[in-house]
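The values are calculated or read from the model by the stated rules, or taken from the named source; none is laboratory data. Owing to the predicted nature of the structure, the values given are computational and were not obtained by experimental measurement. Note that we place each Cβ from the backbone using ideal geometry, even for glycine, and neighbour counts take in every protein chain shown.
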Amino acid sequence: MNESGRLFALQQAMMPVALAWGLVDAQTLELSFSNPALLGHLQLCGLPTLFKLQSFTQARQAIAQCIETGQEVSTVLPGTTGCWHFSPVHGDAGIDAVQCYVLPSLPLNQPKLEQGLGHAEHFEAFLDHLPYQIWIATPHGEVTWLNRALHEYAYGQVQPLNLNEGIWIDIVHPNDLAAVNSGLSRSLITGKSTGYQLRIKQHDGDYHWFFASLSPVKNAVGQTLYWVGANLSIDGLRQSENQLRDQITTLSHQLMLKQRALEQSETYLAQAQKMSMVNQLSAGVVHDIKNQLFITGLHAGLLEKHLAEPEQREHVDVILDTIQKAGSLASNLTGFSSRKSMQLAAVDPRALIHDLEPLLTNAVGQDAGLQLHIAASVWPISVDRLYFENSLINLCINARDATEAHGQITLAMENVLLKRPSHAGEHVMVSVADNGTGMNEEVLARVFDMFFTTKPEGKGAGLGLPMVKNFMDHAHGLIEVESTPGQGTTVSLYFPRAPTLPVSPDPHERSAQGKHPAILLIEPDLDTRNAMAQRLYEQSYAVVTAYQPEVALRYISNGMKVDLIIASDQVPGLMSVEQMQEKLRQEERRIPVIFTCSTAPTEQPEASDCTALLKPLDMDQLARTVQDLLDANRADPAKSPFDQSPA
């Protein structure tokens, strides 16, 4: 969320609040926003609505000090009641604005509160009245307080909770635990504000999206006194974001399909041009060869009549037989000699037609109308894709020529049940129909003859339908042609139903296998934990942390995926690391553990998935040990930690 978005959300959240609150522009020091409570307070003080805050020297000094130190500053303005508090609103690049609020002045005999958690307790009274969720954590990250809004959202009522046990983990969506812990860990390491998105469970069991911001409150010497977090609902923004993402995905997919169709169209066009040139050349060569063979056969026949001896006649018979075979080979040369052998494979014909549609549209031309009537559900068929596409192109070009490029062409596809003697059972019918000149019975009887054509010279070689017939024979299908002079022609291709298409691997499963290993740190010392986490971050590991074994166990039990645990031999809490590990083993979750020991252990752990390292740690040795344990567990599937679900 950018600067303007954060400030707008903050303003909207503070509108209904009873606390007198406003925003001060960090550049001009002017009061840029006042909620109704602050406007009412100014009216009670007899001040105008267009209140000039910078007209008070005390206000200018307090705001300047707040911006310079980044800390909250309080002051009293002459002629007004209450104490004015100025607090910075931190952004990505510094202080975005200064928020101000007015609280009743403390009695003169009341001691000033110390800056620290006691200062946080001073604000709990009015934080409970805010409509959005607020929580406070210790300098080490332990959540210690939730405001009324968060209590009512998560538990339906305000009730006493033992937050030291990490009970807040139970209301975070399992899939978001790693991101939440990573964000908290990075803030503790860097000491800077952070923000992240997560789903929090409502007391009725439903999860909703929130944007959580976490900021440190520091004293004058820069030491973190406590952390303040705020959860703002972004359910509506997430819905809009998802809709926008879906639209972008759809547009990207359409663009990809158009680019692919364009590339395929260019490929098909080049292939069609090459095929046309080869076919024309082949047709001319075959024509000349057949002429030569005819002349040779004629002379051989004349020679045979003048031969009296049977042995000589046998030689002539061999010559005549060879001439006939050569003629058959020449007939097969055109349209087939330059193509590869067919490779049949189960395909989705709807997908083939969808990819081929742009080329078919170009093939029939702009003046001829092409309509597609494709059934909603079509069985898979077993074909050679290139032969299938070339066949439909040939049929559409024939239909275009039959209508003189100004008629109507319809390509239809549907499932049918054939009862032909030679072809019975479930088939997929693909038909190309036109309203062109049509054919009489004499022409119709010869449509599959090689080189037979009714087109003018140079317009066709009579190879289109014979090639389609050859393709259908190889695909074990059936081709039928129906035509009426003056009304048009329909060519129907029947393909036997193929077995179900193989299911492709789930892309989400494949992407899940490529994630970085997740390492859980259980280390009470903050500096040691930060150093270890930083080194593991540099090694591209996903690092999460826990300050007690029972908190770590709660993370794992709530669905967090952990591939390896690094734990100190001295940890606070009621449960030891060994007890936590035994609990995980009882649940059939085998996760390797590296123990970091303050004193040299008498012996290494007996379990093969455990090892011990002596403090102070050698970071290079730690990195090698982590990698060795992860590699060992990957090599042994029986002990693999990547699937931690109970059997």
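Here G236 passes the criteria (1) outside any strand (DSSP E or B); (2) under 27 Å from E68 (Cα atoms) except the one numbered (2). Could you tell me whether N109 is under 27 Å from D527 (Cα atoms) and modelled with pLDDT under 75? Judged against the criteria, N109 is not a match. For the structure I just gave you, tell me whether L39 is within 54 Å of the chain's Cα centre (by Cα), under 28 Å from H129 (Cα atoms) and part of a helix (DSSP H, G or I). Spelling it out, L39 is indeed within 54 Å of the chain's Cα centre (by Cα), under 28 Å from H129 (Cα atoms) and part of a helix (DSSP H, G or I).
A quick yes/no check of all residues on (1) at pLDDT 75 or above; (2) of a type outside the set (S, T, Y); (3) surrounded by fewer than 14 Cβ atoms within 10 Å (Cβ to Cβ):
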| position | (1), (2), (3) |
| --- | --- |
| E263 | yes, yes, yes |
| Y268 | no, no, no |
| G284 | no, yes, yes |
| D288 | no, yes, yes |
| S341 | no, no, yes |
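When the range 221-239 is filtered for residues that are among the β-branched types (V, I, T) and at pLDDT below 85, the ones remaining, listed by number, are V221, T224. Of note, A13 does not satisfy the criterion of being in a loop (DSSP other than H, G, I, E, B) and on the phi < 0 side of the Ramachandran plot. Exactly one residue among T625, T596, T602 is at pLDDT below 80, of a type in the set (V, I, T) and either in contact with a Leu (Cβ under 8 Å, 6 or more places away or on another chain) or farther than 27 Å from Q539 by Cα (or both), and that residue is T602. Any residue that is assigned by TED's automatic domain parsing to the domain that holds G486, modelled with pLDDT under 85 and in a loop (DSSP other than H, G, I, E, B) - is there at least one of those in the range 422-435? Yes; the residues of the range 422-435 include at least one that is assigned by TED's automatic domain parsing to the domain that holds G486, modelled with pLDDT under 85 and in a loop (DSSP other than H, G, I, E, B). Scanning the range 221-249 for residues that are surrounded by fewer than 10 Cβ atoms within 10 Å (Cβ to Cβ) and either among the aliphatic types (A, V, I, L, M) or within 15 Å of the chain's Cα centre (by Cα) (or both) yields a single hit, V221. The residue that is farthest from V180 (Cα to Cα), among those in the range 542-597 that are among the hydrophobic types (A, V, I, L, M, F, W, C), part of a loop (DSSP other than H, G, I, E, B) and under 33 Å from the mean Cα position of the chain (by Cα), is I591. Going by the structure shown, is L198 modelled with pLDDT of 90 or more and either within 18 Å of V543 (Cα to Cα) or outside the structural domain of H140 (by TED's automatic domain parsing) (or both)? Yes; evaluated as a whole, the condition is true for this residue.
Exactly one residue among I397, I393, I381, I374 is among the β-branched types (V, I, T), outside the structural domain of E266 (by TED's automatic domain parsing) and within 14 Å of F495 (Cβ to Cβ), and that residue is I381. Note on the range 493-541: among residues that are exposed (fewer than 12 other Cβ atoms within 10 Å of the Cβ), of a type in the set (G, A, S) and closer than 21 Å to A632 by Cα, the one that is modelled with the highest pLDDT is S540.
Residue count for the range 1-59 satisfying the condition of being in contact with a Phe, Trp or Tyr (Cβ under 7 Å, 6 or more places away or on another chain) and among the aromatic types (F, W, Y): 1.
Summed over the range 182-224, the residues that are closer than 20 Å to I95 by Cα, in contact with a strand residue (DSSP E or B) (Cβ under 6 Å, 6 or more places away or on another chain) and aliphatic (A, V, I, L, M) give a count of 3.
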